[in-house]
Amino acid sequence: MKQHMKENVEMAVLMGVVIYFISLMIFTFMPQKAAAGMAKTGFMVVAADRGFLGNQEINAVLDEFRQTHIASLALIGRNRQGVEGDYADYIQRAVSELEKQGVKNIVAIPLFLSGADATFRQYRQQIASMKGRATIRWAPPMADSYLTAQILLDRVEALSTSPAQERLVVLGSGAVDEDSAQRIRDDLEELLREVTGRHHFSEVDVHVYYNRGAPDHEQKNESVDELIIRAAARRGRTLLVPFTIGAKFDQRMSMEGWLGRKFGEFDIALGESILPHPEVLTWLKQTANRYSHASKEQVGVLIMPHGSTQPYNDGLEKVIAPLRKRYRVEMAPGMGDPKILGQAVRKLEQEGVTRVIFVRMYALHEHMKARTDYILGLSKEPPTQIHGKPPSRIRTSILFKTFGGYEDDPLIAAILRERLLEISEHPEKETVILLAHGKMDDEDDQRWLEAINTNIERIRKGLPRPFKAIKAMTLREDWPEKREQALAQIREEIEQGNRNGGRVLIISNRLYGSGPYHRLLEGAVFEMNGKGLAPHPNMTRWLEKGIEQAVRAAVTPQETPGKDTNGLRKQPMIDT
């Protein structure tokens, strides 16, 4: 009897263990989206029916897009054949195709330049009200993306040889009235900033064609043609870029074909329209990523310290090495170099990364922010403090979360306190100078000094004995006039600190090493701790803290509520 009970107990225990491990395995290997109860998202690309050759171009892009995302195509168009509702079937088919794959959330991506395009506006409400199991919401049109500006830049640069002697005309289409024409023109002018910020043309004009069937469309379009002909009649070369996704039944019956015949007798260099271009696919993928959840495996980390010689880089690698066990990490040392950043981003993208935590490993939050935000496509505004053309921009489907500015963190004060105590002997006789690189602009430099002074207050609270004085100073070493003034002040502080048996301690308040401090302060009497902030566990902790916070935000869709003037969801700010 006892033996039988023992066997029953053992069997029960064994079954319990088996059930536990089965449950654990199901939970562990369950797809992340299902585990989190997330509804599947699919993408319906809404595009104008362009005719045989144009639709081939659209389908070629869709075929590639479908390799990474669940997607369908909904063609819409103007009623050319006299059959009412002939596009409703295409829309319903696109919705059903996604629903059959279990999609509950449909994001409609308008493959239109502008939300003011008449064809798109005609069908937008009809598509949004389609009956089905899935909900439909809208992503922004192409003009909302910096990637579209890169397409325009490519089209212009393919034609231009001497911008100063050339006139640039950008031609849009899709208007039916003055309001829609102006809104399309506004979108084109915003995209043109990418071009005119790099190339200075003698003239730049934007014109918009009206759709066939719109009131007075022939008269409106003839007026546009006349303006283009007048421009071509003036001295110099005229470039005409039809920046639209127009009809393309065949090579002859296309926007380029029609314009070529219309202006063939004039001195006009005719460019290509939006499609085909590789960045159209990049834009589609980036838009889809913005509305998708990501696994942690799809999140990478890109760290940008200043960078220097190999010892400097090796010192920073000691800080970053522990992170490589938990994250997919790339380094891009430098001052926002597009080539170095681009290489790292492309490497991450090729490995399946869709989100990147970009770390500006610089002292203050604003250091290198304007430049790198522009390069990464997070800002439309080029950095103001640049020489020559704005930096090139990285063309990628990756979404970015960014942070930077270690100086304000209490972890840095703890490092500085440690560096100070390493060389201190008699605090009551010692004057301490926390010496940083500094900035050229006086206000920026003062902001840095304020951050250091905040750390000084933190340092004082953790000291066993008070020092004679602790001061924040910057060398401003890259700007000769500012540097000479700063050096004079630093030398004066050192001289005063050495009086009456005093001792001066300089702590290198820079990321690594002491830079030119010894050389520039030659002849002055002081003791220096020239290690800098790295390597130190606190620098690793600062990175970990910022990365973890950014990762939590990065894995969720980055769309935000709010509507633009076209009634479409605005593209969100990506930066943290």
Inset, instruction - Identify the residue in the stretch 182-211 that is part of a strand (DSSP E or B) and over 22 Å from P141 (Cα atoms) and, among all such residues, is farthest from the chain's Cα centre (by Cα). - result: E203
Legend entry - Residue in the stretch 527-544 that is surrounded by the most Cβ atoms within 10 Å (Cβ to Cβ), counting only those that are out of contact with any Gly (no Cβ under 8 Å at 6 or more places or on another chain) and part of a loop (DSSP other than H, G, I, E, B): L533
Inset, instruction - Among the residues of the stretch 282-312, write down those that are out of contact with any Phe, Trp or Tyr (no Cβ under 9 Å at 6 or more places or on another chain), more than 27 Å from G42 (Cα to Cα) and surrounded by fewer than 18 Cβ atoms within 10 Å (Cβ to Cβ). - result: T309, Q310
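State whether one or more residues within the stretch 276-283 are under 30 Å from G546 (Cα atoms), of a type outside the set (V, I, T) and modelled with pLDDT of 95 or more. If you could, list the steps in order and put the result at the bottom.
Filtering the stretch 276-283 for residues under 30 Å from G546 (Cα atoms) gives 282-283.
From what is left, the residues that are of a type outside the set (V, I, T) are 283.
With modelled with pLDDT of 95 or more added as a condition, the list becomes 283.
Checked the stretch 276-283: at least one residue is under 30 Å from G546 (Cα atoms), of a type outside the set (V, I, T) and modelled with pLDDT of 95 or more.
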Inset, instruction - Looking only at the stretch 478-512, count how many residues are closer than 29 Å to M335 by Cα and surrounded by fewer than 17 Cβ atoms within 10 Å (Cβ to Cβ). - result: 9
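Do you know which residues across the stretch 481-538 are of a type outside the set (D, E, K, R) and without any contact (Cβ under 8 Å) to a residue 12 or more places away in the chain?
Selection gives Q485, A488, N500, G523, P537.
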Legend entry - Scan of the stretch 502-545 for residues that are acidic (D, E) and under 26 Å from E481 (Cβ atoms), ordered by number: E522
Inset, instruction - Return yes or no: is D179 part of a helix (DSSP H, G or I), at negative phi, acidic (D, E) and surrounded by fewer than 19 Cβ atoms within 10 Å (Cβ to Cβ)? - result: yes
Legend entry - Matching residues in the stretch 347-388 - criterion: being of a type in the set (G, A, S) and buried (at least 23 other Cβ atoms within 10 Å of the Cβ): A363
Inset, instruction - Go through the residues of the stretch 301-322 one by one and say whether even a single one is without any contact (Cβ under 8 Å) to a residue 60 or more places away in the chain and within 20 Å of T396 (Cα to Cα). - result: yes
Legend entry - the stretch 492-516, subset out of contact with any helix residue (DSSP H, G or I) (no Cβ under 9 Å at 6 or more places or on another chain) and part of a helix (DSSP H, G or I), residue farthest from L364 (Cα to Cα): R499
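Return the residues of the stretch 441-464 that are aromatic (F, W, Y) and at pLDDT below 95; say none if nothing qualifies.
Selection gives nothing.
Let's see how each residue does on (1) within 34 Å of the chain's Cα centre (by Cα); (2) over 30 Å from L111 (Cβ atoms); (3) modelled with pLDDT of 70 or more; (4) basic (K, R):
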| residue | (1), (2), (3), (4) |
| --- | --- |
| P31 | yes, no, no, no |
| V46 | yes, no, yes, no |
| N79 | no, no, no, no |
| Y87 | no, no, yes, no |
Inset, instruction - Starting from the stretch 104-129, take each residue that is in the same structural domain as A48 (by TED's automatic domain parsing) and among the acidic types (D, E) and list its partners that are buried (at least 18 other Cβ atoms within 10 Å of the Cβ) and not in a strand (DSSP E or B), counting only C-beta distances under 8 angstrom and pairs at least six apart or across chains. - result: D117/P141; D117/S180; D117/I184
Inset, instruction - Report yes if some residue within the stretch 450-469 is farther than 27 Å from F358 by Cβ and either part of a strand (DSSP E or B) or among the polar types (S, T, N, Q) (or both); otherwise report no. - result: yes
Legend entry - Residues of the stretch 149-174 that turn out to be over 31 Å from the mean Cα position of the chain (by Cα) and part of a strand (DSSP E or B), as a count: 2
Legend entry - Of residues in the stretch 93-140 being over 19 Å from N289 (Cα atoms) and aromatic (F, W, Y), the one surrounded by the fewest Cβ atoms within 10 Å (Cβ to Cβ): Y123
Legend entry - P464 within 25 Å of N313 (Cα to Cα) and not assigned by TED's automatic domain parsing to the domain that holds V329: no
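The values are calculated or read from the model by the stated rules, or taken from the named source; none is laboratory data. These numbers were taken from a predicted model, which means no experiment stands behind them. Methodologically, a virtual Cβ is constructed for each residue, glycine included, from the backbone with ideal geometry; neighbour enumeration extends over all protein chains shown.
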